[in-house]
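Participant: Please find one structure pasted underneath; my questions will follow.
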Amino acid sequence: MRRVAVVGGGPGGLYAARLLRLADPHAEVTVHEQGLPETTFGFGVALGARTQRNLEDADRDSLRDILAASHPHDMSMRVGDDVARVPGGRLVAIARTELLAVLTRHAEKAGVDLRYGERVDARDLDADVVVVADGVNSATRTALAPELGERVEVGRGLYLWAGTGFALDEAVFAPARTPHGTFVAHAYPYAPDRSTFLVEVDQDTWRRAGFDATTVATAPEDSDEEALGYLTDAFAGHLGGHRLIGNRTRWLRFRTVTCDRWSHGRLVLLGDAAHTAHYSVGSGTKLAMEDAIALCAALTAEDDRDRAFARYQAERKPAVTRMQQIARRSQWWWDSFPARTHLPVDQLTVAYMTRAGNVSLERFAASSPEVTRRGLAQYADVAPQEVDLAAPVPWTVARPHRDLPGRLVDRTSFAEGALVEVDAVPDDPWGPAADALVRRVSRDGRTAWVTGAVDRAGLLTRLDVAERLRLRGQRVVTEGPPELLPDLAAGLAAGRTDLIALGGNP
Ligand SMILES: Cc1cc2nc3c(=O)[nH]c(=O)nc-3n(C[C@H](O)[C@H](O)[C@H](O)COP(=O)(O)OP(=O)(O)OC[C@H]3O[C@@H](n4cnc5c(N)ncnc54)[C@H](O)[C@@H]3O)c2cc1C
């Protein structure tokens, strides 16, 4: 593997190129990037504590420079005048342009040959290994779709990636109600004078606001100025007199990319070219750079190219798939966010943190005790000092509900005929089959007993459907296996289910 060609000078391609040269200073490594260095676009990207540890292990020097150009931030959920704050820990954000500048410098220092302004076809490149890091719109992946087993799933909602010319004090999640419907901001500072300001919206609201027309009328190299003006007004309370700034900003639908195989012959994919995960888990850059680490390790460990590619995929794919599953649940939660803004803000923050099954009540209680305490107090309608933060799961489960002494019930807790059984929950809890189920069951009006398979994915999906029923005013019991009691308790605290039961179909 003497000659390596890299297609794409994004974070994944540049980092892979540097690591490959560091691992083998005799290798010829060339990066082909279609853009020019100063024409890259985008706002900030976030890097969490675990990613930073991985980058430190792989290459301490570049991480030092990345951190020097980064901006730490805490997080806040804001609904109207109510705010819940969560410490960000080691979470930082960096301008995409800065990140690329640091990675370019380090790639050059390692002896990588960087060629800008060259759009190339990966299949034409003369090299032993071609690293395909050409991003979410990868022409290579499209050309080899059947060989790679490509699937692309298009999101139901729309998002727009904008920025501001000032640094927010902290990351902000906030809805804005307009006559057309609710828009939701995910915003965070990434430089002393800049913030990313991403806005998302459901399709019906987007249409009512006339954005189907403005999207069509916006040329690819322009920004949707009408949308930016509208959203500047809608989010004025968060912008302190500043305007939203565009940078080829337009409404898009998120595309989740998966591939069964990440390599074909000499070609090996990494980053967004191989897979994407919804922006609400802030992991696209992380995954691309961690792919680069794993690919370099595999190419170093194996003499044979095919074995190296197989090792890389075997090593990385489980972690990427897990992140995509978390991202999918997070995407569903944000798509339906406006339906939850009636929740008190601390309870809403507990719901946010536990939305994808990645953070347990215990973990959140340990990292953010005050928000968890207030959120659980709001759930149980008691004073915050009554919450037992040392044992949030049993405490949550033991809270009374109407005439019942606790939230854990069995069928004998109900009179004969008082329950309607829901036992065939579709895999997509917000898709058309689930819509029909929710309509049918909520017409029935009796307490819904939502049961199904005992696996964790099945339970998390049931909690989504339970929440939908609850949002229509129905009382819901969600059934799950005893070992998943922490998930059931998080479902209670997040307002997804009124009651829980132990059991399910093996
Ligand atoms: C709205 C939004 C918010 C996001 N927020 C975050 C966040 O908070 N944190 C985070 O970690 N990630 C975030 N991301 C994701 C992140 O931007 C990407 O996941 C990340 O940049 C992927 O890196 P990559 O190297 O795989 O691809 P890219 O960064 O897309 O780079 C691909 C490069 O390949 C070049 N290229 C393409 N085709 C060719 C060709 N044929 N020849 C030569 N060059 C070519 C392109 O010009 C580009 O420079 C967000 C993404 C979106 C859409």
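The numbers here are math on the coordinates, done by the rules we state, and not lab data. Note that this is a predicted model, so its numbers are computed, not measured. In this analysis, Cβ positions are derived from the backbone assuming ideal geometry, glycine residues included, and neighbour counts consider all displayed protein chains.
Participant: Kindly put L158, L471, L103, L36 in sequence by how many other C-beta atoms sit within 10 Å of each C-beta, fewest to most.
Facilitator: L36, L471, L158, L103
Participant: With viscosity set to 0.890 mPa s at 25 °C, what whole-number translational diffusion coefficient in µm²/s follows for segment 1-94 from Stokes-Einstein and a Kirkwood radius over Cα pairs?
Facilitator: Diffusion coefficient, whole number: 155 µm²/s.
Participant: Mind putting together the pair-distance distribution for segment 158-245? All Cα pairs, 10 Å bins, whole percent per bin, short to long.
Facilitator: P(r) over segment 158-245, rounded to whole percents: 18, 53, 27, 3.
Participant: Another question, if that's okay. Show me 25-34, 74-83 ranked by packing, highest mean number of other Cβ atoms within 10 Å first.
Facilitator: 25-34, 74-83
Participant: Over 22 Å apart: what share of the alpha carbon pairs of segment 81-168 falls there, rounded to a whole percent?
Facilitator: Value for segment 81-168: 59 percent of Cα pairs lie more than 22 Å apart.
Participant: With each pseudo-label sitting 7 Å past Cα toward Cβ, what's the R402-R443 distance in nm, one decimal?
Facilitator: Spacing of the two 7 Å Cα→Cβ label points: 2.2 nm.
Participant: Something else now. Any idea what log10 I(q)/I(0) is at q = 0.09, 0.16, 0.19 Å⁻¹ for segment 247-363, Debye with uniform C-alpha scatterers and no solvent?
Facilitator: -0.34, -0.82, -1.00
Participant: Something else: How high is the relative contact order of the chain, in percent, counting Cα pairs under 8 Å that sit 6 or more residues apart?
Facilitator: 13 percent
Participant: So what's the angle, to the nearest 10 degrees on a 0 to 90 scale, between helix 456-471 and the longest Cα principal axis of the chain?
Facilitator: Between the helix axis and the principal axis of the chain, the angle is about 60 degrees.
Participant: Would you calculate the volume per residue, in Å³, of the smallest convex hull containing every Cα atom of segment 343-502?
Facilitator: Enclosed volume per residue, from the Cα hull, is 103 Å³.
Participant: I need V120, V371, V7 ordered by Cβ neighbour count within 10 Å, fewest first.
Facilitator: V120, V371, V7
Participant: Angle, helix 284-301 long axis vs. longest principal axis of the chain, Cα atoms, 0 to 90°, nearest 10?
Facilitator: It is inclined by approximately 50 degrees.
Participant: Semi-axes of the equivalent ellipsoid of the chain: what are they in whole Å, largest first, if each equals the square root of 5 times a C-alpha gyration tensor eigenvalue?
Facilitator: They are 42, 26, 22 Å, listed largest first.
Participant: Another question, if that's okay. Report the percentage of all Cα-Cα pairs in segment 334-386 whose separation exceeds 16 Å, rounded to a whole percent.
Facilitator: Every Cα pair in segment 334-386 considered, those over 16 Å come to 39 percent.
Participant: Can you sort R53, R18, R363 from fewest to most other Cβ atoms within 10 Å of each residue's own Cβ?
Facilitator: By the 10 Å Cβ count, ascending, the order reads R53, R363, R18.
Participant: Efficiency by 1/(1 + (r/R0)^6): what FRET value for R90 and R307, r their Cβ-Cβ distance, R0 = 51 Å, to the nearest 0.05?
Facilitator: 0.90
Participant: Set the Förster distance to 41 Å, then compute FRET efficiency between D74 and A418 from the Cβ-Cβ distance, nearest 0.05.
Facilitator: 0.35
Participant: Still on this model: Of all the Cα-Cα pairs you can form in segment 360-400, what percent are over 16 Å apart?
Facilitator: Distances greater than 16 Å cover 19 percent of the Cα pairs.
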